[in-house]
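Worksheet: the structure to be examined is printed underneath.
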Amino acid sequence: MSSLPRRVKCEAKSFTSEDDDPHSFLNLTSESEEEEEEWEPKRKITKRPQLPKKNETKPKKAAAPQPAVARKRIKKVAAIKEEMDVSLPVAPAEENTMQLLKPKEEGAGTKPEILNQKLEVLKKRKINSFQLKNTKNSKCDEKPSTSVPIEGDSVKLEKCEEDFAFDEPPLKKIKSTTSPEGKPVKNLRGKIKEEFEMNWDIVQALSEITNVEPWVCANLICLFQEENTIPFIARYRKELINNLEADALREVQQVLEELRAVAKKTHLMIQKLKKEGKLCESLLTALLNCRTLEELDHVTTPYKTGSKGTKAQRAKQLGLEPAALSFLQNPMELDLFSYIRPNTAGLKTIQEVEAGVQHILADIFAKDKDTLDFVRKLCQQRYISIQSALAKVSSKGGNEKDINKFQLYHEFSCNIKNIQHHQILAINRGENLKILTVKVNIPDGVKNEFCWWCVNERWRPKQFLKPELMRILRNSVEDAYKRLIYPLLCREFRSKLTSDAEKESVMMFGRNLRQLLLTSPVRGRTLMGVDPGYKHGCKLAIISPTSQILHTDVVYLHSGQGFREAEKIKRHLLHFNCSTIAIGNGTACRETEAYFADLIMKKYFAPLDVVYCIVSEAGASIYSVSPEAAKEMPDLDPNLRSAVSIARRVQDPLAELVKIEPKHIGVGMYQ
């Protein structure tokens, strides 16, 4: 223990021996500079034991394991060393001198205050390391020192610098500190490759349709390709999907499947047309631009088997396609009279030649992507309405009952942006029954602005056109809008409205069914279920608090025997100590409710405090004749099974309603 003070004294002496200047390391000799140039911090230096001076003894120093505090200090020293870009000169171990940092020539202008702070940190670290080594070694033998020189420490520090990232948060905290939502780099896995390539990017298309950020769509596509389920993604991959809800994930997945279905069908159609020899460059481009099944159907309808072909196809077969292309590119050299063939049908007169060129031009306009995008943008800015009216055929000899069901839609008109989903479904049903005729009304302003834009901007001729050729261009644009583009827009609007209405009906069904299944149960009571009726009487069923059937009976409350039946009901209630009555909301519900309300008001069931409630019996009759009910209650009449089901719906709605198919519960929208 006596060696500890001596070492501290040696340290103090060695420190004051250098001309009593703590900053003497700034004026080191050229020899130390040469040593600095030879020393490389990243290279491992072989450990050389330092020999003591003659006639002096040194205790043996063993490398002591460094505690956590010492390791932290080492990391701090390494960070300071990295900031100052300094090197550590090697000093003889026998002098026990303080190892000081030597700044490089470019860092010689460091402020003295900062150097003093670094010096104090190094001094504390050195003294602490000596204290740790000396407390671990109590032996002071006369043996040469085997302590590791400062180069070894530098090697260890370099290893630490490689293993740890200083001045950075730990890896697990990067997400929460640098980006609270965990927003990753856009499209982490590079460009997404689909099985069927199209002219549009699937990530961008998915983002536009679902209003989800593109980087989230890219991550979702990768996650779905790796067969991750929606529950897993919603719970454990929140940082990759920007904390989207499960419903939004399902919507993205559905839209992604639709886009892939369009791409797959498009490539199948391309292969089919290629085999038939009908595929050309313009048709291929039009097919690869399709994003929906409606657009694909619009492009491929003329090429289906059994089709007579479009007017444009028949004109191309007559050899008028070069004339149409010349009309757009080099109209000054176009001579339509040279295409007249007196012996060929369709080319006999100049009017027939002009009509053929006009049909080809209209087909080109209607399949151009920029043209369709422009007219869709126009429709978004205008008032587009959907109209329905009573069909002429149904008004003459239709079923009067069915016609009255759609009385609200005999003269109906509404903006497509404001129409309700249930109205769309009702109009579609009326159209399928041929009771209603439906029309999408696009204002004439859309047509006028579209025609002006096509003639003066999009399809403006590159050269001067003669008046007769300008007339053909205007007629081609009007024909393209009226015969091809307008029907396409109507189909798109109807398809989107129907699709949205069906999705909303399913969501509404789910919401209503959820509320119905999660109705609070009435537990711990003996219940009487009543299935009301006139001719066949009211069916009664008394069940225990554990849903066991205690008693069943039939009473006739609405045939003049109400007073006598009241005695029977009172006897049953008193016998089974039942004070709650559940009445189904079917036929004779109101009369049965008035009957029990009158008896309760007169306190007929005293001393019991009887109460009643109205229960939906939707699906009870279907369940009563189902195989599940026959298996559960084999000895009961189907009419009595419905009374048992009504009572159990109050006692435990969830356990009873799951036995019935959802479509029979009656909580949807026009199911």
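The values are calculated or read from the model by the stated rules, or taken from the named source; none is laboratory data. All values reported here derive from a predicted model rather than from experimental measurement. So basically every Cβ, Gly included, is an ideal-geometry build from the backbone, and we count neighbours across all protein chains shown. For accessibility, only protein heavy atoms count, side chains too; no ligands or nucleic acids. Shrake-Rupley method; radii C 1.70, N 1.55, O 1.52, S 1.80 Å.
Its Cα centre serving as origin, segment 521-664 has a Cβ charge dipole (Lys and Arg +1, Asp and Glu -1) of approximately 220 debye. Between segment 342-397 and segment 221-279, the alpha-carbon centres lie 33 Å apart. Pairs of Lys residues in segment 202-302 that lie 8 or more places apart, or on two chains, and have C-alpha atoms under 24 angstrom apart add up to 7. Computed over segment 521-664, the percent of Cα pairs more than 19 Å apart is 47. Ranked from largest to smallest solvent-accessible area, with a 1.4 Å probe on the protein heavy atoms, I622, I600, I569 come out as I622, I600, I569. DSSP assigns beta bridges within segment 440-591; of those with both partners inside it, close to 75 percent run antiparallel.
The length gained on full extension between N211 and M507, counted as 0.36 nm times the residue separation minus their Cα-Cα distance, comes to 104.6 nm.
Here the relative contact order of segment 202-302, from alpha carbon pairs under 8 Å that lie six or more residues apart, stands at 22 percent.
Just the protein heavy atoms count here, and of the accessible area of segment 490-621 at 1.4 Å, carbon and sulfur take up 55 percent. Here the extension length gained between K369 and T519 equals 48.7 nm, from 0.36 nm per residue of separation less the Cα-Cα distance. Fully extended, how many nm does the chain gain between R460 and N432 (0.36 nm per residue separation, minus their Cα-Cα distance)? Difference between extended and current length: 5.7 nm. Probing with 1.4 Å while keeping every protein chain in the model, the per residue accessible area of segment 202-302 equals 52 Å².
The packing ranking of peptides 359-370, 244-255, 283-294, highest mean first, is 359-370, 283-294, 244-255, where packing means the average number of other beta carbon atoms within 10 angstrom of each residue.
Distances between every pair of Cα atoms in segment 202-302, grouped in 5 Å steps from 0 to the bin holding the largest one, split as 2, 12, 22, 18, 13, 10, 10, 7, 4, 2, 0 percent. Counting only DSSP beta bridges whose two residues both lie in segment 521-664, roughly 55 percent are antiparallel.
Solvent-accessible area per residue in segment 521-664 equals 50 Å², computed with a 1.4 angstrom probe and all protein chains kept. Loop-located trypsin sites (Lys or Arg not before Pro) across segment 546-628 with a Cβ neighbour count of 13 or fewer within 10 Å are K602, K603, with loop assigned by DSSP. Using the Cβ-Cβ distance between S547 and F232 with R0 set to 56 Å, the FRET efficiency works out to roughly 0.90. Just round it to a whole percent: the fraction of Cα-Cα distances in segment 385-458 exceeding 18 Å. Percentage above 18 Å: 48.
Taking all protein chains together, M269, M633 sort by accessible area into M269, M633, largest first [probe 1.4 Å]. Segment 541-577 and segment 470-497 have Cα centres lying 70 Å from one another. Accessible surface of R471, taken over heavy atoms with a 1.4 Å probe and every protein chain present, rounds to 110 Å². Each residue was assigned an accessible area with a 1.4 Å probe, and for Y236 the value is about 120 Å².
Rounded to the nearest 10 square angstrom, C280 shows an accessible area of 50 square angstrom against a 1.4 Å probe.
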